[in-house]
Amino acid sequence: MKVITAKSAGFCFGVERAVSTVYEALESGEKIYTYGPIIHNESVIQELTDRGVGIISSPEELEDLGEATVIIRSHGVSKEIYDIMDRKGIRYIDATCPFVLKIHKLVREASERGEHIVVAGDRTHPEVEGIVSFAENGVTVLKDEQEAMDFVPPEGKKLFLVSQTTFNSNTFKKIVEIFNKTLYAYNTVYTICNATALRQQETEELAKKVDAMIVIGGAHSSNTRKLYDIASASCDNTIFVQTLDDLVSSNQSDCNPASCVGITAGASTPNNIIEEVQNYVRRFWTDVG
Ligand code: SF4
């Protein structure tokens, strides 16, 4: 059986950097907390929990924090969180991905120019919550083309359009087309990060040429969900697993047997999980080629 693993599968630069930051900080012997889980991967989180890393889940918990260092994950946090840490003199290491920090800066500057911010993304995602918090002159989040078509801009305001770094690039292009057709006065900066665009493109190309696709990633990982959507649009036999155990325990009769299997993984999937899945498929799935 042919098994093709996408070159872009697994940790991206920003996630790699954030996870390494936590491991390095542990060396200091101080009590370490991350603001939210450092990545959407249960096995990594469990390992860090076992090593004493705590997770802060709300501004209230941050307010009550004693002596400790807080690490901000790659998604970033909202302005409110920075404000609390500054006010309380909490020591923190900012592992926000530079691509996300760039969006915070763009949004802050556009707000200062009086523009209304439009963010293409998932309004419940922590990255978007963070981006939105830097918009001080009005902000709208659009999750898809339908919301872009229904959007009525505030009168007399220029718009400034950005997107969540993991937004679907095709959907973003469609939103831009809608803005162009409606003749809105707007500026835009393309803020989908290369890692995401490349991963999405490679997933689409791979899904078109295989009999079955396996998408690996955390259940709460938005970038992995998007990979699943892209893969299943081109390959009916697409499955989503978090770990090898998921693959083994689930009934995969729709996908197995196959003659050519593609594997991709979200940005928070460690290499060892990808390798385990890849080796298992090579060994146990039936080749019908
Ligand atoms: S997906 Fe892109 S923006 Fe997000 S953490 Fe990774 S490199 Fe940074």
### Task
Would you rank K2, K181, K31 by solvent-accessible area, highest first, keeping every protein chain in place and using a 1.4 Å probe?
K181, K2, K31
### Query
Among Q46, Q200, Q164, which one moves the most in a GNM of the chain with springs linking Cα atoms closer than 10 Å?
Q46
### Message
Taking the Cα centre as origin and putting +1 on Lys and Arg beta-carbons and -1 on Asp and Glu beta-carbons, what dipole magnitude results for the chain, to the nearest 20 debye?
### Response
880
## Note on the structure
Sequence order, segment 5-11: Karplus ³J(HN,Hα) from phi using 6.51 cos²θ - 1.76 cosθ + 1.60, θ = phi - 60°, Hz rounded, Gly and Pro as x, gives 9, 4, 4, 8, 5, x, 3
### Task
Can you grab the distance from the C-alpha centre of segment 122-157 to the C-alpha centre of segment 61-107, Å, no decimals?
22
### Heavy-atom accessible area per residue - segment 13-95, 1.4 Å, Å²
48
### Task
Would you compute the Debye intensity of segment 88-150 from its alpha-carbon atoms alone, equal scatterers and no solvent, and pass along log10 I(q)/I(0) at q = 0.17, 0.23, 0.29 Å⁻¹ to two decimals?
-0.64, -0.99, -1.20
### Query
By accessible area of protein heavy atoms, probe 1.4 Å, what ranking do S249, S28, S268, S234 get, highest first?
S249, S28, S234, S268
### Task
Report the local net charge at V15: Lys and Arg +1, Asp and Glu -1, summed over other residues whose C-beta lies under 14 Å from its C-beta.
+1
#### Entry: Shape of segment 13-95, Cα gyration tensor, a/c cut at 1.5
prolate
### Query
At 222 nm, what helix-only mean residue ellipticity would the chain give, in deg cm²/dmol to the nearest 500, using -39500 (n - 2.57) for each DSSP H run of four or more?
-13500 deg cm²/dmol
### Message
Just to verify a number: what accessible area does F13 come out at with the full protein assembly present, 1.4 Å probe, Å² rounded to tens?
### Response
120
### Message
Once R0 is set to 30 Å, what does the formula 1/(1 + (r/R0)^6) return for the Cβ-Cβ distance between E47 and D229, expressed as a FRET efficiency to the nearest 0.05?
### Response
0.55
#### Entry: Per-residue SASA entry for R91, accessible area with 1.4 Å probe, Å² rounded to 10
110
### Query
Charges only on Cβ, +1 for Lys and Arg, -1 for Asp and Glu: so what's the dipole of segment 90-165 about the Cα centre, in debye to the nearest 20?
340
### Task
Kindly report, to the nearest 10 Å², the accessible surface of E136 as traced by a 1.4 Å probe over protein heavy atoms only.
130
#### Entry: Descending principal axes extents, the chain, alpha-carbon based, whole Å
61, 57, 25
### Message
Using only the alpha-carbon atoms, what does segment 99-188 span along each of its principal axes? Please give whole angstrom values in decreasing order.
### Response
30, 28, 18
### Task
Report, to the nearest whole %, how much of the accessible area of the chain belongs to carbon and sulfur atoms, 1.4 Å probe, protein only.
48
### Query
In the neighborhood of P154, defined by Cβ-to-Cβ distances under 15 Å, what is the net charge if each Lys or Arg adds +1 and each Asp or Glu adds -1?
-1
### Query
Once both labels are modelled 7 Å past Cα along the beta-carbon direction, what's the M149-K208 spacing in nm?
2.5
## Note on the structure
Here the FRET efficiency for S249 versus K2, based on Cβ atoms and R0 = 30 Å and rounded to 0.05, is 0.75
### From phi via Karplus (6.51, -1.76, 1.60), per-residue ³J(HN,Hα) for segment 214-226 in Hz, x at Gly/Pro
10, 10, 10, x, x, 4, 9, 7, 5, 5, 6, 4, 5
### Task
Report the calculated FRET efficiency for Y280 and Y23 (r = Cβ-Cβ distance, R0 = 30 Å), to the nearest 0.05.
0.65
## Note on the structure
Lys and Arg at +1, Asp and Glu at -1: neighbours of R91 with Cβ under 13 Å from its Cβ sum to -2
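The values are calculated or read from the model by the stated rules, or taken from the named source; none is laboratory data. What you see is a predicted model, and the numbers here were worked out from it, not measured in a lab. So basically every Cβ, Gly included, is an ideal-geometry build from the backbone, and we count neighbours across all protein chains shown. We work out accessible area using only protein heavy atoms, side chains counted, and drop any ligands, DNA or RNA first. Shrake-Rupley method; radii C 1.70, N 1.55, O 1.52, S 1.80 Å.
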